1. How do the peptides B:300-306, B:134-140 rank, highest first, by the average count of neighbouring beta carbon atoms within 10 Å per residue?
2. Could you pull the Cα extents of the stretch B:186-332 along its three principal axes, largest to smallest, in whole Å?
3. Report the charge-dipole magnitude of the stretch A:23-190 in Debye, nearest 20, computed about the Cα centre from +1 at each Lys and Arg Cβ and -1 at each Asp and Glu Cβ.
4. Hey, got the average number of other protein chain Cβ atoms within 10 angstrom for residues in B:81-88?
5. Among B:335-346, A:179-190, what's the highest-first ranking by average C-beta atoms within 10 angstrom per residue?
6. Checking the table C:K82/C:K170; C:K170/C:K252; C:K51/C:K158; B:K229/C:K170 against a 30 Å threshold on Cα-Cα, which pairs fail?
7. Given charges of +1 on the Cβ of Lys and Arg and -1 on the Cβ of Asp and Glu, with all other atoms neutral, how large is the dipole of the stretch A:96-192 about its Cα centre, in debye to the nearest 20?
8. Using all Cα-Cα distances in the stretch C:105-185, what percent lands in each 5 angstrom bin from 0 up to the longest?
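Bear in mind these aren't lab numbers, they're just calculated from the coordinates by the rules spelled out. Just so it is clear, the model here is predicted, and its values are computed rather than measured. Positions of Cβ are backbone-derived with ideal geometry, glycine not excepted, and every protein chain shown enters the neighbour counts.
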Amino acid sequence: MNKILFAFLFSFALIGNAASPKPAALPGDSVLQIDNVFTNQDGRNFKLAERRGKPQLVAMFYTSCKYICPLIIDSGKGVDNSLTPAERKNLSILLVSIDPARDTPEALMYIVNKRKLDTTRWTLSRTDEKGVRTLAALLGVRYRVLADGEFNHTSALILLDAEGRVVARTETLGSKPDPVFLAAVRKTLAVK
Amino acid sequence: MKRSVFPLIVAAVLFSLPGCKPGKQDVAADTAPVKTDTGGSAAGDFGPPQGEPVNAVLTSPPLVPPATGRTAPAKVIVELEVKEVEMEISEGVKYTFWTFGGTVPGSFIRVRQGDTVEFHLKNHPDNKMPHNIDLHAVTGPGGGAASSFTAPGHQSQFTFKALNAGLFVYHCATAPVGMHVANGMYGLILVEPPQGMPKVDREYYVMQGDFYTVGKYREKGMQAFDMQKAIDENPTYVLFNGSEGALLGDKALKLNVGETVRLYVGNGGPNLVSSFHIIGEIFDKVYTEGGTHYQENVQTTLIPAGGSSIVEYKAEVPGTGVIVDHSIFRAFNKGALGMVKTEGPENKAIYSGKEVDSVYLGDKAVSSAPVSAAATATAGGVLTLDQQIKAGEALFNGTCSVCHQSSGAGIPNVFPPLAKSDFLNADKNRAIHIVLNGLNGPVTVNGNKFDSVMPPMSQLNDDEVANIVTFVLNSWGNKGGTVTAAEVAKVRKETPRPQGAAH
Amino acid sequence: MRRLILLSCLISTASLAGGAYVRVPAGEFQSVLKYEDNKGKQKVAAFDMMKQPVTNAQFLEFVRTHPQWQRGKTPVVFAEQKHYLSHWQAPLVLGTNVKPQQPVTQVSWFAASAYCEAQGARLPTWNEWEYTAAADPKRRDARNDPAWRESILGWYAKPASTTIADVGKKPANIYGIQDLNGLIWEWTEDYSAMLVSADNRNQSDPDKSKFCGASALSMEDKESYAVMMRVAMLSSLDAVNSTSNLGFRCAKSLPRTQTRSP
């Protein structure tokens with residue numbers, strides 16, 4: 001009787017394992033723990049946990065931003081251009097809009113085309129207001145909606161490792177990257 | 001002569017030199033010795049830290065950490081904790097102080113110019129408020145305040161290089177800043193000059209602050225901060241080291257005769273400037289505003305709010321020096337009082353203590369006892385001539401002798417004599433009249449002319465006039481006799497009183 | 001038996017549902033915070049607010065039914081390990097030192113948001129919070145009354161070692177809401193929108209690039225320093241932080257379209 005029970009349970013376990021291979025849980029300090037749903041410039045929905053496995057740069061912006069946001073893209077490009085082709089292959093860049101009401105996938109695509117961004121590695125995305133607040137809180141980005149619909153916000157480029165942990169951040173923006181930050185990017189890419 | 005010529009000579013020399021513009025001449029160098037400057041922050045970077053990192057020794061007031069003794073720049077780690085503590089501000093009066101290191105003022109920090117300081121600010125988890133720190137020794141935004149804003153239960157870290165030597169204030173700069181400072185969030189950081197501070201026997205830490213409570217001065221119980229009083233700059237307490245008894249009684253600073261002492265004195269404010277003085281002492285040296293050069297022989301020195309001073313003196317005699325803010329109502333009515341107790345052998349050559357204790361009568365050179373004796377006798381109806389004469393003498397010497405002299409000789413050509421005076425002896429009633437009403441206009445006494453003004457002695461009563469005239473008549477070779485109070489009263493009644501006469 | 005189960009289900013739902021909500025009417029309001037873009041009065045739309053802060057008992061019930069928010073199980077990215085509910089005896093036990101009716105403290109913004117979300121609610125915005133907290137039992141805006149200010153400052157003057165009182169002990173304000181002042185600091189949904197310079201003295205010197213076009217928030221009005229201290233507190237926090245005097249309550253938007261609060 002016991003043997004049958006044992007075999008019964010064992011086969012279940014096998015089936016269970018084959019059906020849904022369970023990955024190791026995300027580390028407790030991973031930003032990818034965020035559960036909200038994001039939508040990219042193609043209109044495809046995804047969760048941040050799906051981006052696990054590769055280091056990435058993350059920043060928050062919005063498409064109609066007049067002051068700093070164009071610089072955020074320049075900053076991402078600046079880091080990118082400073083890397084070797086081999087390093088570049090392993091780094092992806094995620095921008096998340098803090099203005100989901102106006103930043104539809106179409107608006108995001110507009111920017112992709114305007115700045116000629118390589119969508120195999122660059123992702124522009126939006127989520128709902130709650131997701132924006134939560135991600136901003138996780139990344140330490142502060143922002144405020146103005147009366148005219150514009151935003152005031154802090155601007156940072158944040159480096160996450162392959163597991164989604166914050167490794168470095170820089171508030172120096174522009175096409176010439178902050179050398180300390182660049183060094184951290186290189187180091188994280190090398191570890192992979 | 002030399003003074004006025006010298007600049008001309010210099011000017012002449014400079015004029016003759018090509019390229020020298022007039023107006024750039026040096027002022028004659030015959031005033032205080034020229035002070036070479038230290039170069040300030042531009043000369044304060046001695047390079048990267050050397051050796052192992054040092055953990056700074058912090059002390060609670062009134063103690064000061066020992067000299068660093070370093071000769072090369074070091075990395076110094078400072079760990080300072082903010083604690084919100086309830087303590088007594090005055091006997092029976094409680095106040096919630098916000099403190100650096102659990103004390104008001106906060107812990108004393110001591111580093112050397114050129115040191116790299118790694119500053120850790122901790123905000124105790126039991127605290128309610130966020131806090132930060134602005135050290136006046138820091139060259140950098142906010143003095144560190146921007147980099148140290150810390151919520152309770154957390155800590156912040158930032159690093160700075162101490163480029164300037166001096167005694168600097170540090171304080172919390174979280175909004176509302178005045179309230180954080182008024183609650184006691186200040187202290188001192190000493191950045192030693194490269195050669196260190198000159199050696200003294202003792203060093204102490206004193207810091208003045210003004211405090212604002214809802215209740216009155218010394219009103220018992222738990223007191224809350226009063227923002228309106230702080231805005232009006234109307235403190236309830238002005239204190240050294242955060243409480244009324246902080247430097248009194250057995251907490252007084254101690255010193256021995258013959259020792260040199262240096263006080264590192266700060267003023268946290270938030271509002272008041274201090275007029276710092278120690279009663280019974282003179283400061284041999286005052287490093288004004290906690291800077292590099294010293295002034296000598298100073299009684300009272302100004303310490304700005306958010307500023308400091310370093311004072312030094314040598315104790316020569318024993319006793320208690322009283323530390324005060326010489327805006328004196330603060331010392332006696334708001335608590336700005338501390339003590340330095342100096343012990344040791346006396347030195348009478350410097351200070352003798354009290355030498356003579358005798359009665360000082362002011363302008364009454366003789367005791368007025370006979371006057372009261374006479375008065376008693378008169379009352380009893382048994383006044384004797386002798387008593388009158390003695391009483392009269394006492395009164396004469398306080399009143400009449402000023403002009404007529406105690407010898408009765410008067411002053412030639414000014415005041416007529418009463419001694420052996422033919423004018424006096426001729427008419428007793430006239431004499432009474434003159435005492436009561438005064439006399440002006442020409443008189444001839446003993447063959448000499450006088451033309452002065454004698455004011456009416458309107459403050460004298462009948463008995464006093466009687467006794468004075470009796471004394472005069474019986475002195476200096478005059479003819480003698482008595483005058484009674486009744487006679488005086490009669491003269492008083494019969495003569496119209498001139499202007500100026502009282503009653 | 002079934003009735004008993006049903007009853008216990010209802011009770012647990014009720015305690016999970018948390019405290020009662022009170023309708024706060026719309027109004028115009030002059031905030032203490034001076035931003036460049038809104039110097040005048042702001043409109044606050046009507047909304048529902050919890051009458052009292054969330055208690056230890058209510059939060060305990062929440063973590064029982066939402067185990068991912070239990071102490072030890074919550075990812076550190078959502079709550080600091082050292083502080084999160086550190087005063088409870090165990091992850092599911094309050095202990096004798098912690099009273100069920102005290103407001104819950106040592107909770108991060110993420111945990112507070114999650115609790116409110118489980119209610120179908122959210123954290124109040126700063127505007128909503130300030131608007132409601134300006135009231136006393138008699139008036140909607142008591143901020144000019146020195147007595148109102150004194151009562152708030154009296155709390156700041158109390159040493160932090162004082163035990164926090166239970167919720168609901170003090171009189172409600174004119175809206176019927178209690179303990180907005182004098183008990184604990186409270187999280188708001190947009191605490192991070194308070195772009196305050198870490199050196200609070202720099203208000204008149206804008207670093208425009210730091211806050212993308214804005215100067216840091218101006219908090220110069222001496223009259224409002226009681227409120228100013230709340231702003232200073234919230235601006236010192238990150239979402240993951242918690243302190244022993246920081247708790248929260250929830251709010252609900254009303255089911256109709258609202259203009260976005262300025």
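1. Going from most to least packed, we get B:134-140, B:300-306.
2. Dimensions of the stretch B:186-332 along the principal axes of its Cα atoms: 45, 32, 22 Å.
3. 340 debye
4. 2
5. Per-residue Cβ counts within 10 Å, averaged per peptide and sorted highest first, yield B:335-346, A:179-190.
6. Beyond 30 Å between Cα atoms: C:K82/C:K170.
7. 380 debye
8. Taking all Cα pairs of the stretch C:105-185, the binned fractions are 3, 13, 19, 23, 21, 14, 6, 1 percent.
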